[in-house]
Structure formats: structure tokens, C-alpha cells
Amino acid sequence: MANVTFRSITKQFGNFTAVNDVSFEIHDGEFVCLLGPSGCGKTTTLRMIAGLEQPTSGRILIGQDDVTEAKPKERDIGMVFQDYALFPHMTIADNIAYPLKVRGVGQAERHRRAGEVAKNLSIDQLLERRPGQISGGQQQRTSVARAVVHKPRVYLFDEPLSNLDAKLRLEARSFLKHLQRELGVTSIYVTHDQAEAMAMADRVAVMDRGQIVQFGPPLTVYREPATTFVANFLGSPPMNLLPVRYEGGAFKAATFELDAGPFAERLRGIAAGSQLTLGVRPEHVRMGGAGDAWRIPGEVYAVEPLGPESLVTLRVAGALVTARLFGDDPPTATGATSFAFDPSNLHVFGPDGRRLAAR
Amino acid sequence: MKVVRHVLGRLAFYVASAVFAAVFALPLVWLVFAPFGAKARLSVALPDPFTLSNFGKVFANTFAVRALFQNSIIQAVGTMLLVTLLATLAAYALSRAPIRGRDALSYGLVLFSSIVTGTAAMVPIFLLIFNMGLIDTHMGVILVFTGGLLPAAIFIMRDFVDSIPRSYEESALVAGASPWGMFRDIALPIVRPGMMVVGVWTFVNVWGGFLVPFILLRSPTKMPAAVAIYSFYTEGGTPIITLTTAYALLYTLPVLALYLFVNWKYGFRFFGGIKS
């Protein structure tokens with residue numbers, strides 16, 4: 001049980017900066033997801049906590065201990081690898097018990113404890129098998145069992161679900177979240193799947209090009225994305241983003257013009273003629289809306305019925321805007337139409353891509 | 001018409017295969033039959049009359065027996081252990097440690113050894129071993145074989161170690177193992193199939209090696225079987241076929257036994273620890 005603290009951590013590989021001056025504090029018992037596209041530095045961050053990489057500069061603390069230079073074995077952590085990395089020459093029981101073996105726990109005692117953990121994870125019937133003889137989902141549970149058996153202070157997960165098929169992944173997601181709640185151990189979970197991060201985390205750290213762009217509870221990050229990058233990364237489909245010019249108290253694009261009046265306060269300090277970005281979530285977009293002031297004309301590009309909902313994509317001034325419509329019957333619209341939305345659901349991002357928040 | 005052509009095609013294929021197989025099988029079949037005949041012959045036929053007297057004469061030759069069951073074993077097993085141990089450690093380091101130019105080093109080793117070893121290097125090797133005072137010792141033979149085989153062995157081993165994902169070792173380290181514990185518990189067992197390949201390969205190379213022991217050894221009591229087989233030649237230099245084949249058959253058995261043992265004990269590969 002421990003906090004994990006990063007103080008101005010930078011990690012360089014040759015000339016490439018993988019992690020750039022990152023600081024954060026993860027609280028005791030918290031479940032934090034590091035979310036971002038590949039190459040954003042999230043896995044490097046995790047490996048530095050594990051001690052598999054040394055930061056170029058900065059300090060790492062686990063609990064009150066400065067572990068920046070500590071070896072992995074001195075850090076008291078449990079880690080689940082993306083490829084599971086179960087030892088192929090050992091039985092499942094020996095795999096789970098390995099962290100106890102290296103801590104000098106006797107064979108009978110460590111097999112008893114491995115059996116206990118295996119029973120909790122419903123893999124106790126597999127203890128005598130080898131990793132090659134069990135399924136992917138079972139291998140995944142075995143690697144979780146090996147990470148928790150010695151009751152470490154921190155759990156680290158490196159995309160543990162990415163090798164499972166879609167159905168198993170949902171199952172394993174609920175299972176891991178339940179397990180973490182039950183054990184209450186500080187957990188850091190790396191993923192590029194925004195749905196996974198949203199579903200599991202207490203707080204999400206969205207990373208881009210070696211930096212944390214936004215760090216907060218999932219719904220806050222979803223509802224108030226700090227930048228266009230975050231807005232575009234979270235949500236499936238992601239937030240619609242439309243480039244506009246701010247001129248004469250209005251947002252202007254080639255085919256539409258919207259009154260910027262309700263946003264006057266946020267736009268204070270923005271020069272006329274600035275390039276801004278408007279964002280609206282697909283679920284906040286309505287079709288049609290004749291007579292609505294907040295209306296943008298477009299042309300139907302594609303209709304995708306998904307069962308309980310449908311996605312309608314419109315082509316608007318060179319960009320694509322997706323509407324997420326709930327209801328059993330897919331819309332039949334074709335050709336020229338328009339969409340509307342409530343101005344309270346509209347996000348405005350400044351010329352630097354940062355969201356303009358209400359003051 | 002189509003069926004006929006198909007049948008004729010298959011027939012031609014099988015006949016050609018049979019002829020091809022026979023060309024390779026005949027010498028081996030001859031080697032199995034010839035030692036049991038009372039008279040030497042160069043054709044393959046069931047031995048008639050069947051006799052074990054050739055083996056009796058071979059076993060009466062104490063020089064040849066000691067060569068096969070003592071000297072060859074000492075030299076082959078000694079080299080095998082040394083090469084396998086050194087190649088594993090070197091390959092592991094070359095694969096895992098961030099050494100600048102390690103690829104060039106590995107390829108350079110193989111290239112260098114394939115150019116330099118063999119008969120061309122025999123004179124300097126002889127002088128080297130002579131000055132080390134290792135002429136006419138098993139150790140001299142073992143060291144020269146080790147030097148010759150090690151570069152290729154490192155190359156083979158390195159390829160093997162490279163193919164093993166690092167996450168095995170990383171997960172052992174994170175689980176709390178020391179670097180040495182990780183090597184002993186995880187890395188070594190996982191590269192063991194590769195060690196077996198290198199070990200058997202080394203053994204077979206030394207077992208069949210003639211030139212190195214022939215030049216570096218003096219006493220008949222230290223000669224290996226590859227040299228001792230000449231004791232079954234007449235003074236005129238022609239082989240006594242019944243005795244050389246009997247000895248040759250015995251000579252192949254340890255290699256066969258080693259291969260079967262390794263295949264039975266370790267001849268499986270591990271799968272399933274890594275999900276990809």
C-alpha cells in the first residue's frame with residue numbers, strides 16, 4: 001500500500017525523449033490508467049516505476065522511499081506483462097509461487113499460498129499444467145496471480161488485455177476492476193484503449209508525446225477535455241472537431257456561421273481572425289433541427305446502424321461530423337440535410353488547441 | 001487419359017525417390033551388414049556365414065578400444081562442456097548487454113573462424129600448443145577444438161538467445177529475483193534446448209575430428225578413435241574391411257546414443273509462456 005510519486009521525470013533514449021518532465025502523484029489504493037497512442041511514453045513511464053528503465057533525470061517515490069536508483073526486486077511491486085511472460089518450463093503452481101520462492105518462502109508454504117490465490121482467480125484446477133497447455137484467458141489470470149501472490153505495495157499492468165479476444169477482454173476488464181477494488185492496492189494500468197481506461201480507472205492520465213496532457217477522473221476528462229488531442233482520443237466515435245475562424249462575434253466556416261455570443265466571456269482575449277476549433281460529442285448531435293439557431297448544413301456521407309443506436313456521418317465544409325442517434329430504427333436521411341446541437345454542449349478550443357473554459 | 005497420366009506421374013515419382021534413397025541408404029546398410037561377415041566384400045548382402053569374430057578381434061586391440069571408450073570420450077565430452085558453457089555465457093551477454101558493435105563482433109567471429117581454422121592454421125596452432133607445453137595432452141586437443149568451434153557455437157547460441165523475449169527475464173526481475181537468480185531459474189532453462197543443439201554439434205565435430213589430435217598427440221595411449229581406426233589397416237596401408245567396419249560401427253554408437261538421449265530428455269521445445 002503506497003503512493004507513487006513522479007518528480008520531474010525525464011527519460012531519453014539517445015536523442016529521443018520518451019518522457020518529458022512528467023510529475024504526478026498517485027494516491028494509496030488508487031487505480032490510475034495511463035492512456036495514449038503508441039509511442040506516447042506510457043509504457044516507458046510504467047517501466048520506470050518497475051525499475052526496468054532508469055530515468056534520465058527526476059525522482060521516483062514509492063510510499064516514502066526514493067526508489068529512483070533501486071533495483072526492481074527492492075521495489076516490492078507486482079507486474080502483469082502484455083505477453084504474460086509466464087515461465088514455460090514451470091507448472092502454473094511454480095509460476096505463481098515464483099515471487100515467493102525468490103523471497104525464500106519454503107516449498108510447502110509457497111504452494112499453499114499459490115493455491116489460495118489460484119482459487120480466488122478460479123484457476124486452481126490448472127496448477128499442475130504448464131503455460132502452453134492452458135488458454136489465453138487462463139494464462140492472463142495466471143500472470144495476475146503471479147503479480148499479486150506476494151502482496152506487493154503496487155500493481156503495474158502493461159496492456160494486459162490487448163491479447164485477449166473481444167468477449168474475453170470485457171470479462172477480464174470487470175474481473176480486474178473487481179479484484180483491484182477487493183485488494184485495494186495502488187494500481188497503474190497502461191492502455192491505448194480509451195474504453196478500458198474509462199471503465200476501470202479512478203483517474204486517467206492522458207499522455208501525448210512524452211507528456212501528461214490531462215490527469216483527472218474519467219468523466220471529467222471526457223466532459224471537459226483539456227485539448228483537442230484529448231477530445232479526439234476519448235470517446236468512440238471521438239468528439240467532432242470543426243475548424244472555424246473567429247470574426248465579428250461569430251464562428252465562421254465556408255458553409256456556416258454561428259453566433260459566438262454565448263461564449264463571449266470565454267473568448268475574451270482571443271483576437272479577431274483567430275483560428276479556433278469547435279467540438280461537439282456525437283451523442284449531442286441531432287439530425288434536422290429546422291428553425292434551430294444552432295444548425296449546420298451538411299450532406300449525408302454514411303449511415304451505420306449498430307442495433308440500439310445508429311451513427312450518421314455528415315460531410316460539413318470539408319470535415320466529417322458524426323451523430324450518434326439512439327432508437328431502434330436507423331434514420332433514412334440521404335442527400336442534403338443539417339444537424340443541430342445545444343450550445344451548452346459545444347466546446348471551443350483556442351488557437352493552441354487548449355479548451356477555453358468558462359471563467 | 002488424365003488418370004493414366006496421373007498414375008504414370010506418381011509411378012515415376014516413386015521410382016525416382018526409391019533410387020535416390022537407395023544411393024544414400026546403401027553405404028549405411030553395408031556398414032551394418034559388413035562387420036558380421038567372415039569375409040570382406042564390397043557388395044551389400046546378408047552376412048553368410050554370420051559371425052561375431054570381427055568384434056572379438058577389435059576388442060582384442062587394446063589400443064583401439066582405449067581410443068574409442070576413453071580418449072575420444074574425454075576429448076569430445078571435454079570440448080562439449082567447455083564450448084557449451086562458454087558459448088552460452090558469451091551469447092547471452094552479446095544478446096542482452098548494450099555493447100556497441102556487438103553485431104559486427106558476432107559476424108566477425110564467424111567469418112574469422114571460418115577463414116582461419118583448418119589445415120592452413122595447423123602450423124601456428126602446433127607452435128602455440130608446443131610453447132604452452134600442451135603437446136601430447138588431452139587439454140591441448142580440447143583447447144584447439146574449443147577455439148575452432150566456439151565462434152560458430154556463439155553465433156548459433158546468440159541466434160537462439162535473441163529469439164527469446166526479454167519479458168521472461170523482466171518478469172523474473174520484477175518478481176524479485178536477483179540477476180543471477182533470474183539467469184539460473186529462468187534464462188538458463190529456457191535456452192537449454194539451444195545448449196543441447198550446440199552440445200551435440202560440438203560432440204559430433206570433435207568425435208569425427210582427425211587432423212587436430214593426429215598432429216597434437218604423440219602417445220598411442222592418448223589417440224582418439226578417429227586416429228586409432230588406422231590400426232586396422234595392413235602395413236601396406238590397405239584397410240582390413242571386416243575389422244574397420246566393425247570398429248566403425250562401434251564408433252558410430254556413442255553419437256547415436258547421445259542423440260537419442262538428448263532427443264528423449266530435452267528434444268522438446270517450450271511453447272506457451274508468451275502470448276503474441
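Values in this text are rule-based calculations from the coordinates and carry no lab data. This is a predicted model, so every value here is computed, not measured. Cβ atoms come from the backbone with ideal geometry, glycine included; neighbour counts cover every protein chain shown.
By DSSP, what percent of the beta bridges with both residues in the protein assembly as shown are antiparallel, rounded to the nearest 5? Please report the intermediate quantities before stating the final value.
Details: 59 of 77 bridges.
The answer is about 75 percent antiparallel.
What whole-number distance in Å separates the alpha-carbon centres of the range A:19-83 and the range B:120-141?
55
What residue among B:Pro27, B:Pro224, B:Pro213 has the largest mean-square fluctuation in a Gaussian network model of chain B, using Cα springs under 10 Å?
Taking springs between Cα atoms under 10 Å, the residue moving most is B:Pro27.
Of B:Lys222/B:Lys265; A:Lys73/A:Lys167; B:Lys57/B:Lys222; A:Lys71/B:Lys265; A:Lys119/A:Lys177; A:Lys71/A:Lys167, which sit over 27 Å apart, Cα to Cα? List each step's numbers first, then the result.
On the way: B:Lys222/B:Lys265 31 Å; A:Lys73/A:Lys167 35 Å; B:Lys57/B:Lys222 21 Å; A:Lys71/B:Lys265 36 Å; A:Lys119/A:Lys177 18 Å; A:Lys71/A:Lys167 37 Å.
Among B:Lys222/B:Lys265; A:Lys73/A:Lys167; B:Lys57/B:Lys222; A:Lys71/B:Lys265; A:Lys119/A:Lys177; A:Lys71/A:Lys167, the Cα-Cα distance tops 27 Å for B:Lys222/B:Lys265; A:Lys73/A:Lys167; A:Lys71/B:Lys265; A:Lys71/A:Lys167.
Taking the Cα centre of chain A as origin, sum charge times position over the Cβ atoms of Lys and Arg (+1) and Asp and Glu (-1), and report the length of that vector in debye to the nearest 20.
For this selection, approximately 780 debye.
Between B:Val3 and B:Thr234, 0.36 nm times their residue separation minus their Cα-Cα distance comes to what? Intermediate results must be reported in sequence, preceding the final value.
Numbers: separation 231, 0.36 × 231 = 83.16 nm, distance 5.93 nm.
This chain segment gains 77.2 nm when fully extended.
Is the C-alpha gyration tensor of chain B telling us rounded, prolate or oblate? Criteria: a/c under 1.5 is rounded; beyond that, a/b larger than b/c is prolate, otherwise oblate.
Details: a/c = 2.17, a/b = 1.28, b/c = 1.70.
In terms of gyration-tensor shape, oblate.
List, in order, the whole-Hz ³J(HN,Hα) value for each residue of the range B:195-202 obtained from phi through the Karplus relation with A = 6.51, B = -1.76, C = 1.60 and θ = phi - 60°; use x for Gly and Pro.
Rounded to whole hertz, the list is 5, 5, 4, 5, x, 5, 4, 5.
At 0.36 nm per residue, minus the direct Cα-Cα distance, what do B:Leu127 and B:Leu256 gain on full extension? Give it in nm, one decimal, please. Intermediate values should be presented prior to the final figure.
Details: separation 129, 0.36 × 129 = 46.44 nm, distance 3.52 nm.
The B:Leu127-B:Leu256 span can extend by a further 42.9 nm.
Between the range B:77-98 and the range A:212-265, how many Å separate their Cα centres?
Spelled out, the Cα-based centre of one part sits 60 Å from the other.
Distance in nm between label sites at B:Asp136 and A:Ser38, each 7 Å beyond Cα in the beta-carbon direction?
Roughly 6.6 nm, to one decimal.
Would you grab the residues whose amide H sits under 5 Å from the one on A:Met207? Only those 5+ places off in sequence or on another chain, please, with H modelled 1.01 Å from N.
Under 5 Å from the amide H of A:Met207: A:Leu35, A:Gly36, A:Val213.
Peptides A:254-262, A:5-13: what's the order by average Cβ count within 10 Å, highest mean first?
On the way: A:254-262: 14.7, A:5-13: 17.2.
Taking the mean over residues of other Cβ atoms within 10 Å, the ranking is A:5-13, A:254-262.
Set Lys and Arg Cβ to +1 and Asp and Glu Cβ to -1, take the dipole of chain B about its Cα centre, and tell me which of B:Gln70, B:Leu11, B:Gly237 lies farthest positive.
So the residue furthest toward the plus end is B:Leu11.
Mind checking A:145-153 for the average number of partner chain beta-carbons within 10 Å of each residue's beta-carbon? Write out the running numbers ahead of the final one.
Working: counts 0, 3, 3, 0, 1, 2, 0, 3, 0.
Across A:145-153, the average partner-chain Cβ count within 10 Å equals 1.
Could you run the Karplus curve 6.51 cos²θ - 1.76 cosθ + 1.60 with θ = phi - 60° over the range A:338-344 and give me ³J(HN,Hα) per residue in whole Hz, x for Gly and Pro?
Using θ = phi - 60°, the values come out as 7, 10, 9, 7, 7, x, 5 Hz.
Using modelled backbone amide H atoms (1.01 Å from N, in-plane), which distant-in-sequence or interchain residues come within less than 5 Å of A:Asn240's amide H?
Hits under the 5 Å cutoff: A:Val280, A:Arg281.
Charges at C-beta only: +1 for Lys and Arg, -1 for Asp and Glu. How large is the resulting dipole of the protein assembly as shown about its Cα centre, in Debye rounded to 20? Display every interim value, and only then the final one.
Values: 59 positive and 48 negative charges, 352 e Å.
Taking the Cα centre of the protein assembly as shown as origin, the dipole is about 1700 debye.
Once you put a point 7 Å from the Cα of A:Ser23 and another 7 Å from the Cα of B:Val29, both along the Cβ direction, what distance in nm separates them?
The answer from the label model is 8.5 nm.
Counting each DSSP H run of 4 or more residues in chain A as -39500 (n - 2.57), what helix-only mean residue ellipticity at 222 nm follows after dividing by all residues, to the nearest 500 deg cm²/dmol?
Numbers: 8 runs with 83 residues, N = 359.
Mean residue ellipticity, 222 nm, calculated: -7000 deg cm²/dmol.
Of A:Val102, A:Val22, A:Val280, which has the largest mean-square fluctuation in a 10 Å C-alpha GNM of chain A?
Residue with maximal mean-square fluctuation among A:Val102, A:Val22, A:Val280: A:Val102.
Excluding B:Asp185 itself, calculate the net charge of residues whose Cβ lies under 15 Å from the Cβ of B:Asp185, where each Lys or Arg counts +1 and each Asp or Glu counts -1. Don't skip to the answer; put the middle values down first.
On the way: positive: A:Lys73, A:Lys101, A:Arg103, A:Arg110, A:Arg146, B:Arg184, B:Arg192; negative: A:Asp94, B:Glu169, B:Glu170.
Within the 15 Å Cβ shell, the charges total +4.
Excluding A:Arg7 itself, calculate the net charge of residues whose Cβ lies under 13 Å from the Cβ of A:Arg7, where each Lys or Arg counts +1 and each Asp or Glu counts -1. Intermediate results must be reported in sequence, preceding the final value.
Numbers: positive: A:Arg59; negative: A:Asp21, A:Glu25, A:Asp66.
Combined, the nearby Lys, Arg, Asp and Glu give -2.
Okay, which of the range A:332-357 sit inside 16 Å, backbone N to the point 7 Å along the Cα-Cβ direction of A:Arg245?
Residues A:351 fall inside that zone.
Taking the Cα centre of the protein assembly as shown as the origin and placing charges on Cβ (Lys, Arg +1; Asp, Glu -1), which of B:Met122, B:Tyr247, A:Ala166 is farthest toward the positive end of the dipole?
Of the candidates, B:Tyr247 comes out farthest on the positive side.
Give me the net charge for the shell around A:Val285: Cβ to Cβ below 13 angstrom, other residues only, Lys and Arg +1, Asp and Glu -1.
On the way: positive: A:Arg281, A:Arg286, A:Arg295, A:Arg324; negative: A:Glu283, A:Asp292, A:Glu309, A:Asp342.
That sum, taken over residues with Cβ under 13 Å, equals 0.
Taking amide hydrogens as modeled 1.01 Å from N in the peptide plane, which residues meet the under 5 Å criterion relative to B:Asp136, leaving out close sequence neighbours?
B:Leu217, B:Arg218
Angle check, please: helix B:241-265 long axis (alpha carbons) against the longest principal axis of chain B (alpha carbons), in degrees 0 to 90, nearest 10.
30
Each label point is 7 Å from the Cα along the Cα-to-Cβ direction; what then is the distance between the points at B:Phe112 and B:Leu11, in nm?
With each label placed 7 Å out from Cα toward Cβ, I get 6.1 nm.
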